[in-house]
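Accompanying notes for the structure given below.
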Amino acid sequence: MRVSSWSKAILSCAGGVCVAVVLLCLAGFHAGAAQPLPASSDATLRQAGEARHIYIGTAAASRFLEEADYAAILGSEFSQLQAENEMKFGLIHPRPDSDANPYDFRGGDALVAFAQSHQMVVRGHTLVWHNQVPDWVKKGSYSSSQLAGVLQGHIHTVVTHYASKVYAWDVVNEAFNDDGSMRHTIWYDQPGIGAGPGTKYIEQVLRWAREADPSAKLFYNDYDAEEVNKKSDAIYEMVKDFRKRGVPIDGVGFQAHVSLKFDDPKKLESFAKNLERFAKLGVDLHITELDIRLNDSSATSLAAQAKLYGEITTLCVQQPACKVVQTWGFTDKHSWIPAFYKGQGWALPWDADYRKKPAYEAVRQALEK
Ligand code: XIL
C-alpha cells in the first residue's frame with residue numbers, strides 16, 4: 001500500500017469506520033502486501049500535503065484546461081484550485097445590474113466543475129479589490145449609498161452562486177498601504193461605500209459575505225505582509241479587533257510573491273513570528289499566491305529558488321494554523337510574473353514545457369520531512 005493512500009484513508013475516515021480502515025491499512029502494511037511500498041518521493045504534492053493536513057493549491061485559468069499537460073498536472077498534483085482572474089469583479093460581473101445579463105459565471109463555473117471532478121476544494125478570489133474593477137463601476141459616478149448597493153448585490157450574488165462550492169473567500173484583497181494606512185480606493189473613500197473611516201468598510205463587506213454563505217470561511221488577503229512590518233501590524237490589529245467584537249473573519253491570506261532576497265534568515269524568522277501571532281488570534285492562515293521570481297534560469301538560480309520554496313513550505317508545515325500552500329499558477333508558461341516584473345520570470349515549480357523544476361522536489365521534501 002502506498003504511504004500516501006494510507007494517510008489519505010486515515011484523513012477520509014470518520015467515527016467508528018476510522019478504526020476499521022486504519023486496522024486494514026496497517027494489516028496490509030505489515031503483511032508486506034503484494035505492492036511494495038514505493039519510495040516516499042513517488043508521492044504527488046497533493047498526497048504529501050494530505051499527510052500534513054495542508055491543501056496544496058494553485059491559481060488556474062479555464063482557458064488552459066484544454067491543454068492536456070496543464071489539466072493532467074492540475075488535477076493530480078493539487079488538492080485546491082483558485083481562479084487566477086475569473087471570479088474577480090471585472091470578469092464575473094462585467095455589465096451593470098440594469099443589463100439583462102450582468103454576470104458571467106462561465107469561467108468560474110468551468111473551474112469549479114474541473115475541481116469537483118478531481119476532488120479538489122475551491123478557494124474564491126476576490127470580492128473587494130481596487131484592481132480589475134469594471135468601467136461600469138469605476139465610471140458610473142455612483143454615490144456612496146449607490147455604490148454600497150452595487151457591492152452588496154455583487155457579494156450576495158457571487159457568494160450565493162458558489163455557496164457550498166467555494167469553501168473560503170478572499171473577501172477583501174490588498175486594502176492597506178505598506179505603511180499600514182488604509183489604501184485610498186473606490187470602495188474605501190473614492191467615494192467609498194459610506195461605512196466610515198478605517199476598517200469599517202472591511203467589517204461591512206465581511207458581514208455581507210457571511211450573510212450570503214454562513215458556512216464559507218472569510219479571509220483578508222494581502223502582499224508584503226509576510227514579515228512583521230507596518231502593513232502586517234495594521235492587519236493584525238484589524239483581525240484582533242474583529243475577533244474581539246465578533247466581526248466574521250476566519251483567516252488571513254499571505255500572498256508571498258517574493259524574490260530570492262526573501263531567502264534571509266531574518267525575513268524567514270519574521271514570517272514565522274508573524275504567522276504565530278496571527279495563529280494566536282484563532283484564525284486560519286493560508287499562503288495564497290506563492291511564487292519566487294528569478295532573473296534567469298541558470299542551474300544556480302533554480303537551486304536557490306528550490307531552497308526558498310522548501311523553506312517557505314516548511315514554515316507552513318511547522319505552523320498548525322497554516323492550512324494551505326498555494327502557488328500563483330504552476331507552470332512558467334502561464335505565469336503573470338514576466339508581464340508584471342520586467343526581465344524576471346521562472347517563478348513556478350514547473351517550467352514552460354511542463355517539466356518539474358528543482359522547486360517541485362523541494363516543496364515535496366518539505367512536506368514529507
Ligand atoms: C494577477 C493575475 O495573475 C494576472 O493575470 C492579472 O492580469 C492581474 O492580477 N495579487 C492578487 C492577484 O491578489 O489577484 C493578482 O493576480 C496578482 C497580485
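The values are calculated or read from the model by the stated rules, or taken from the named source; none is laboratory data. As the structure is a prediction and not an experimental result, all values here were calculated from the model. Reconstructed Cβ throughout: ideal geometry from the backbone, glycine too, with neighbour counts over all protein chains shown. The accessibility values were calculated without ligands, DNA or RNA, using every heavy atom of the protein model including side chains. Shrake-Rupley method; radii C 1.70, N 1.55, O 1.52, S 1.80 Å.
Some observations on this one:
- Taking the range 71-90 as the range and being touching a strand residue (DSSP E or B) at 6+ places or on another chain (Cβ under 7 Å), of a type outside the set (S, T, N, Q) and within 16 Å of the ligand (Cβ to nearest atom) as the test, the residues that pass are L74, L81, A83, E84, M87, K88.
- Residue that is within 16 Å of the ligand (Cβ to nearest atom) and not in a strand (DSSP E or B), where the choices are E226, E237: E226
- Condition check for S144: open to solvent by less than 40 Å² (accessible area, probe 1.4 Å), among the hydroxyl-bearing types (S, T, Y), within 28 Å of I337 (Cβ to Cβ) and more than 16 Å from the ligand (Cβ to nearest atom): no
- Test: Q82 is within 19 Å of the chain's Cα centre (by Cα) and surrounded by fewer than 16 Cβ atoms within 10 Å (Cβ to Cβ): no
- Of the residues screened, R243 is not one that is touching a residue at least 40 places away in the same chain (Cβ under 8 Å), among the basic types (K, R) and closer than 18 Å to D224 by Cα.
- Residue list for the range 116-141, filter: more than 27 Å from the chain's Cα centre (by Cα) and crowded, with 16+ Cβ neighbours inside 10 Å: W136
- Yes/no for K231 being surrounded by fewer than 17 Cβ atoms within 10 Å (Cβ to Cβ) and assigned to a helix (DSSP H, G or I): no
- Matching residues, the range 330-355, being more than 19 Å from D296 (Cβ to Cβ) and under 21 Å from the mean Cα position of the chain (by Cα): F330, H334
- Selection within the range 96-115 - within 15 Å of the ligand (Cβ to nearest atom) and open to solvent by 10 Å² or more (accessible area, probe 1.4 Å): G107
- For the residues V128, V133, the requirement of being under 19 Å from D213 (Cα atoms) and within 16 Å of the ligand (Cβ to nearest atom) singles out V128.
- Counted as qualifying within the range 276-369 are the helices (runs of 4 or more DSSP H) with 2 or more residues that are open to solvent by less than 30 Å² (accessible area, probe 1.4 Å) and either away from the ligand (no atom under 16 Å from the Cβ) or touching a residue at least 12 places away in the same chain (Cβ under 8 Å) (or both), namely 299-318, 358-368.
- Of the residues making up the range 164-205, those that are assigned to a loop (DSSP other than H, G, I, E, B), in contact (Cβ under 8 Å) with a residue 24 or more places away in the chain and more than 16 Å from the ligand (Cβ to nearest atom) are S164, K165, D179, G180, S181, I186, P191, G192, I193, G194, A195, T199.
- Selection count where residues are within 19 Å of the chain's Cα centre (by Cα), open to solvent by 10 Å² or more (accessible area, probe 1.4 Å) and more than 20 Å from E211 (Cα to Cα), scope the range 234-257: 2
- Options H93, H154, H161; residue that is buried (at least 20 other Cβ atoms within 10 Å of the Cβ), more than 20 Å from L74 (Cβ to Cβ) and either more than 16 Å from the ligand (Cβ to nearest atom) or of a type in the set (A, V, I, L, M) (or both): H154
- Pick from the range 253-265, criterion under 13 Å from E289 (Cβ atoms) and not in a loop (DSSP other than H, G, I, E, B), ranking: nearest to the ligand (Cβ to nearest atom): H257
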